[in-house]
Amino acid sequence: MAQEQGIAVRRAKPGDAGKIAAFINRVVGKQSVDDFTIIESFGDEGFLLAERGDNLVGILGWRAENLVVRVTHLLVWPASEHITTAPALFSEMENAAALLQCEASLLLPPGSGLSPRQIEFFGELGYKPQTVAGLPKAWREAAREAKLDDDDPVLVKQLREHRVLRPL
(Lines give C-alpha, C1' and ligand atoms only; values in the text may rest on other atoms or scores of the structure.)
Protein backbone atom coordinates (compact mmCIF):
# COMPACT_ATOMS: atom_id res chain seq x y z
CA MET A 1 0.00 0.00 0.00
CA ALA A 2 1.38 3.39 -0.98
CA GLN A 3 0.57 6.55 0.92
CA GLU A 4 0.95 10.08 -0.42
CA GLN A 5 -0.35 13.32 1.11
CA GLY A 6 -3.10 11.63 3.10
CA ILE A 7 -4.08 9.38 0.17
CA ALA A 8 -3.63 5.64 0.74
CA VAL A 9 -3.51 3.52 -2.43
CA ARG A 10 -4.08 -0.22 -2.32
CA ARG A 11 -5.06 -3.06 -4.59
CA ALA A 12 -8.76 -3.80 -4.64
CA LYS A 13 -10.06 -7.17 -3.50
CA PRO A 14 -13.33 -8.89 -4.44
CA GLY A 15 -14.70 -7.79 -1.06
CA ASP A 16 -14.39 -4.18 -2.28
CA ALA A 17 -16.84 -4.74 -5.16
CA GLY A 18 -19.77 -3.10 -3.37
CA LYS A 19 -17.69 -0.08 -2.40
CA ILE A 20 -16.39 0.28 -5.98
CA ALA A 21 -19.88 -0.05 -7.52
CA ALA A 22 -21.33 2.50 -5.08
CA PHE A 23 -18.50 4.95 -5.86
CA ILE A 24 -18.95 4.62 -9.63
CA ASN A 25 -22.72 4.98 -9.40
CA ARG A 26 -22.44 8.02 -7.13
CA VAL A 27 -19.93 9.77 -9.41
CA VAL A 28 -21.66 8.85 -12.68
CA GLY A 29 -25.04 9.75 -11.19
CA LYS A 30 -26.97 6.62 -12.12
CA GLN A 31 -27.17 2.96 -11.18
CA SER A 32 -24.99 1.73 -14.04
CA VAL A 33 -22.82 -0.82 -12.20
CA ASP A 34 -23.55 -3.52 -9.66
CA ASP A 35 -21.30 -5.63 -7.41
CA PHE A 36 -21.46 -8.61 -9.76
CA THR A 37 -20.21 -6.54 -12.73
CA ILE A 38 -17.23 -5.39 -10.67
CA ILE A 39 -16.43 -8.92 -9.49
CA GLU A 40 -16.51 -10.12 -13.12
CA SER A 41 -14.06 -7.33 -14.04
CA PHE A 42 -11.48 -8.73 -11.62
CA GLY A 43 -10.87 -11.54 -14.12
CA ASP A 44 -9.72 -9.08 -16.78
CA GLU A 45 -8.17 -6.18 -14.95
CA GLY A 46 -6.71 -5.03 -11.70
CA PHE A 47 -8.07 -2.15 -9.68
CA LEU A 48 -6.27 0.25 -7.41
CA LEU A 49 -8.24 2.20 -4.84
CA ALA A 50 -7.27 5.60 -3.48
CA GLU A 51 -8.70 6.38 -0.08
CA ARG A 52 -8.55 9.42 2.15
CA GLY A 53 -9.39 8.04 5.55
CA ASP A 54 -12.46 5.86 5.07
CA ASN A 55 -13.54 7.69 1.91
CA LEU A 56 -12.89 6.24 -1.53
CA VAL A 57 -11.70 9.14 -3.71
CA GLY A 58 -10.29 7.35 -6.76
CA ILE A 59 -10.18 4.16 -8.80
CA LEU A 60 -7.69 3.12 -11.45
CA GLY A 61 -8.36 0.02 -13.53
CA TRP A 62 -5.48 -1.48 -15.48
CA ARG A 63 -4.52 -4.47 -17.57
CA ALA A 64 -1.00 -5.75 -18.37
CA GLU A 65 -0.41 -7.91 -21.44
CA ASN A 66 2.59 -8.45 -23.69
CA LEU A 67 4.78 -6.09 -21.65
CA VAL A 68 2.32 -3.21 -22.05
CA VAL A 69 0.02 -1.88 -19.36
CA ARG A 70 -3.20 -0.14 -20.36
CA VAL A 71 -5.12 2.13 -18.05
CA THR A 72 -8.72 1.01 -18.58
CA HIS A 73 -10.50 3.16 -15.99
CA LEU A 74 -9.68 6.29 -14.07
CA LEU A 75 -12.23 7.93 -11.85
CA VAL A 76 -11.45 10.52 -9.18
CA TRP A 77 -14.10 12.28 -7.09
CA PRO A 78 -14.43 14.95 -6.00
CA ALA A 79 -12.63 16.44 -8.98
CA SER A 80 -10.49 18.61 -6.70
CA GLU A 81 -8.80 15.41 -5.47
CA HIS A 82 -7.16 14.74 -8.86
CA ILE A 83 -4.03 16.75 -7.98
CA THR A 84 -2.98 14.27 -5.29
CA THR A 85 -5.03 11.19 -6.13
CA ALA A 86 -4.10 10.62 -9.79
CA PRO A 87 -0.32 10.79 -9.21
CA ALA A 88 -0.63 8.36 -6.28
CA LEU A 89 -2.71 5.92 -8.34
CA PHE A 90 -0.40 6.11 -11.36
CA SER A 91 2.71 5.70 -9.23
CA GLU A 92 1.36 2.53 -7.62
CA MET A 93 0.23 1.13 -11.00
CA GLU A 94 3.60 1.90 -12.61
CA ASN A 95 5.46 0.22 -9.74
CA ALA A 96 3.34 -2.92 -10.20
CA ALA A 97 3.86 -2.76 -13.98
CA ALA A 98 7.63 -2.50 -13.49
CA LEU A 99 7.56 -5.70 -11.44
CA LEU A 100 5.82 -7.32 -14.42
CA GLN A 101 8.64 -6.05 -16.70
CA CYS A 102 6.22 -3.85 -18.68
CA GLU A 103 7.84 -1.59 -21.26
CA ALA A 104 5.17 1.09 -21.44
CA SER A 105 1.97 2.39 -19.95
CA LEU A 106 -0.80 3.53 -22.29
CA LEU A 107 -3.47 5.96 -21.20
CA LEU A 108 -6.31 5.66 -23.67
CA PRO A 109 -8.57 8.68 -23.97
CA PRO A 110 -12.32 8.30 -23.46
CA GLY A 111 -14.59 8.65 -26.49
CA SER A 112 -14.61 12.41 -26.05
CA GLY A 113 -10.82 12.60 -26.19
CA LEU A 114 -8.55 14.53 -23.86
CA SER A 115 -8.58 18.25 -23.27
CA PRO A 116 -5.35 20.29 -23.50
CA ARG A 117 -5.53 20.66 -19.71
CA GLN A 118 -5.66 16.87 -19.26
CA ILE A 119 -2.78 16.38 -21.71
CA GLU A 120 -0.75 18.89 -19.68
CA PHE A 121 -1.66 17.22 -16.37
CA PHE A 122 -0.72 13.72 -17.56
CA GLY A 123 2.39 15.18 -19.20
CA GLU A 124 3.52 16.16 -15.71
CA LEU A 125 3.24 12.46 -14.83
CA GLY A 126 5.48 11.57 -17.78
CA TYR A 127 2.82 10.70 -20.37
CA LYS A 128 3.40 12.00 -23.89
CA PRO A 129 0.77 12.22 -26.64
CA GLN A 130 1.31 10.01 -29.70
CA THR A 131 -0.84 8.48 -32.39
CA VAL A 132 -1.43 4.75 -32.39
CA ALA A 133 0.32 4.42 -35.77
CA GLY A 134 3.53 5.88 -34.30
CA LEU A 135 3.83 3.27 -31.54
CA PRO A 136 6.09 0.21 -31.61
CA LYS A 137 4.24 -2.92 -32.78
CA ALA A 138 3.41 -4.47 -29.36
CA TRP A 139 2.23 -1.14 -28.01
CA ARG A 140 0.16 -0.51 -31.15
CA GLU A 141 -1.49 -3.94 -30.75
CA ALA A 142 -2.44 -3.08 -27.16
CA ALA A 143 -4.05 0.15 -28.35
CA ARG A 144 -5.90 -1.66 -31.13
CA GLU A 145 -7.25 -4.21 -28.64
CA ALA A 146 -8.87 -1.23 -26.97
CA LYS A 147 -10.61 -0.44 -30.28
CA LEU A 148 -8.39 2.50 -31.28
CA ASP A 149 -7.50 3.28 -34.88
CA ASP A 150 -4.07 4.29 -36.23
CA ASP A 151 -4.99 8.00 -36.23
CA ASP A 152 -6.31 8.01 -32.66
CA PRO A 153 -4.32 9.75 -29.92
CA VAL A 154 -2.92 7.92 -26.92
CA LEU A 155 -0.79 9.05 -24.00
CA VAL A 156 2.32 6.94 -23.50
CA LYS A 157 4.92 6.60 -20.78
CA GLN A 158 7.89 4.38 -21.41
CA LEU A 159 8.58 2.43 -18.22
CA ARG A 160 11.80 0.65 -19.23
CA GLU A 161 14.82 2.32 -20.72
CA HIS A 162 15.40 -0.57 -23.12
CA ARG A 163 12.61 -2.35 -24.95
CA VAL A 164 12.41 -6.13 -24.88
CA LEU A 165 13.19 -7.34 -28.41
CA ARG A 166 13.30 -11.06 -27.59
CA PRO A 167 11.05 -13.10 -25.28
CA LEU A 168 12.07 -13.03 -21.62
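The values are calculated or read from the model by the stated rules, or taken from the named source; none is laboratory data. Model, not experiment: these values are computed from the prediction. Positions of Cβ are generated from backbone atoms using ideal geometry, with glycine treated the same way; all protein chains shown enter the neighbour counts.
Please go through the stretch 1-21 and pick out each residue that is modelled with pLDDT of 90 or more, out of contact with any strand residue (DSSP E or B) (no Cβ under 7 Å at 6 or more places or on another chain) and surrounded by 15 or more Cβ atoms within 10 Å (Cβ to Cβ). If the condition is that a residue be modelled with pLDDT of 90 or more, out of contact with any strand residue (DSSP E or B) (no Cβ under 7 Å at 6 or more places or on another chain) and surrounded by 15 or more Cβ atoms within 10 Å (Cβ to Cβ), then ALA17, ALA21 are the ones that fit. When residues in the stretch 4-21 are screened for being in contact (Cβ under 8 Å) with a residue 12 or more places away in the chain and either more than 15 Å from HIS73 (Cβ to Cβ) or charged (D, E, K, R) (or both), 11 of them pass.
Filtering HIS82, HIS73 for residues that are under 8 Å from the mean Cα position of the chain (by Cα) and farther than 28 Å from HIS162 by Cβ leaves a single hit, HIS73. Picking from residues in the stretch 49-80 that are buried (at least 16 other Cβ atoms within 10 Å of the Cβ) and farther than 24 Å from GLN158 by Cα, the one that is modelled with the lowest pLDDT is TRP77.
Considering LEU107, LEU89, which residue is modelled with pLDDT of 95 or more and either under 30 Å from ASP54 (Cβ atoms) or among the small types (Gly, Ala, Ser) (or both)?
From the options LEU107, LEU89, the qualifying one is LEU89.
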